[in-house]
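Asks: My questions all concern the structure below.
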Amino acid sequence: MNDTVNGLDGKPRCRWCGAAPESLDYHDSEWGFPVKDDQRLFEKICLESFQSGLSWRTILAKRESFRIAFHHFDFNKIACFTEHDVERLLLDAGIVRHRGKIEATINNAQRVQELIKQEGSLAAFIWSYEPDAKQLAEPQAASTSEASIALAKELKKRGWKFVGPITIYGFMQAMGLINDHVKDCAIRAKVESVRNSSDDQKTDRA
């Protein structure tokens with residue numbers, strides 16, 4: 001089966017983004033582009049956790065409601081949530097009302113605070129797991145990797161919840177730790193260019 005679908009410009013995209021208009025925009029402007037901001041990284045890992053067992057289209061449709069409910073994923077604010085907040089969120093139809101995932105988000109916000117004290121930033125910790133391109137399978141040909149298994153294991157060791165290897169692999173794809181756009185996708189080269197530029201900036205600062 002062809003692994004691409006044409007966008008509005010007639011150029012090929014990863015097939016999955018043809019499911020809905022909002023998926024195409026997310027694919028073209030966000031998915032796979034490298035993220036180095038701690039708050040945005042926390043949002044992405046939380047949304048991947050909420051997505052477990054559901055479609056990504058569901059999460060995208062609810063993303064703005066998630067942002068409102070969780071203070072735009074400010075982990076310092078979420079870390080202070082109480083049982084009252086859990087009950088409030090369980091009544092919020094705008095988000096995925098799953099007690100375990102809500103409690104995991106609060107727990108993980110507290111774990112982020114600890115990790116930042118230990119590692120300097122969430123971004124520094126996450127990007128230390130960037131795999132060598134030679135270790136990766138063909139784009140979108142796997143649901144886990146050595147890196148996602150190792151990162152999930154370390155996060156669980158640090159007390160994180162709802163961060164299994166499949167969830168973490170989806171997070172790695174979304175936040176650009178890997179470029180998993182299929183090879184014929186018109187956006188793959190754009191993502192790679194941004195990744196290379198980011199690497200150059202790190203070299204300049206070294």
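The values are calculated or read from the model by the stated rules, or taken from the named source; none is laboratory data. Please read all numbers here as calculations on a predicted model, not as lab measurements. Note: ideal-geometry Cβ built from the backbone for every residue, glycine included; neighbour counts use all protein chains shown.
Asks: With a cut-off of at least 1 residues that are surrounded by fewer than 20 Cβ atoms within 10 Å (Cβ to Cβ) and touching a residue at least 24 places away in the same chain (Cβ under 8 Å), name the helices (runs of 4 or more DSSP H) lying wholly within segment 45-115.
Replies: Details: elements: 56-69, 75-78, 83-90.
Answer list for segment 45-115: 56-69, 75-78.
Asks: I'd like the full set of residues that are buried (at least 17 other Cβ atoms within 10 Å of the Cβ) and more than 15 Å from the chain's Cα centre (by Cα), limited to segment 116-133.
Replies: Ile116
Asks: Mind listing just one residue for me: the one in segment 1-54 that is at pLDDT 95 or above and among the β-branched types (Val, Ile, Thr) and, of those, farthest from Asp180 (Cα to Cα)?
Replies: Looking at residues that are at pLDDT 95 or above and among the β-branched types (Val, Ile, Thr), I get Ile45.
Asks: Got a number for residues in segment 134-192 being of a type in the set (S, T, N, Q), touching a residue at least 60 places away in the same chain (Cβ under 8 Å) and buried (at least 19 other Cβ atoms within 10 Å of the Cβ)? Let's see the steps before the verdict.
Replies: Kept after step one, since they are of a type in the set (S, T, N, Q), are these residues of segment 134-192: 135, 140, 143-145, 148, 167, 173, 179.
With touching a residue at least 60 places away in the same chain (Cβ under 8 Å) added as a condition, the list becomes 140, 167, 173, 179.
Next cut, buried (at least 19 other Cβ atoms within 10 Å of the Cβ) only: 167, 173, 179.
Of the residues in that region, 3 qualify.
Asks: Now for a separate question. Taking segment 4-35 as the region of interest, how many residues are of a type in the set (S, T, N, Q), within 14 Å of Asp184 (Cα to Cα) and surrounded by fewer than 15 Cβ atoms within 10 Å (Cβ to Cβ)? Lay out the reasoning, then the answer.
Replies: Of the residues in segment 4-35, the ones of a type in the set (S, T, N, Q) are 4, 6, 23, 29.
From what is left, the residues that are within 14 Å of Asp184 (Cα to Cα) are 4, 6.
Those left that are additionally surrounded by fewer than 15 Cβ atoms within 10 Å (Cβ to Cβ): 6.
Adding up the residues that qualify gives 1.
Asks: Also: Sort out which residues of segment 17-39 are in a helix (DSSP H, G or I) and in contact with a Phe, Trp or Tyr (Cβ under 8 Å, 6 or more places away or on another chain), and write them in order of number.
Replies: Residues of segment 17-39 in a helix (DSSP H, G or I): 17-19, 21-29, 38-39.
The answer is Cys17, Ser23, His27, Asp38, Gln39.
Asks: Can you pull out the residues in segment 138-159 that are within 15 Å of the chain's Cα centre (by Cα) and closer than 18 Å to Val112 by Cβ?
Replies: Selection gives Leu151, Ala152, Leu155.
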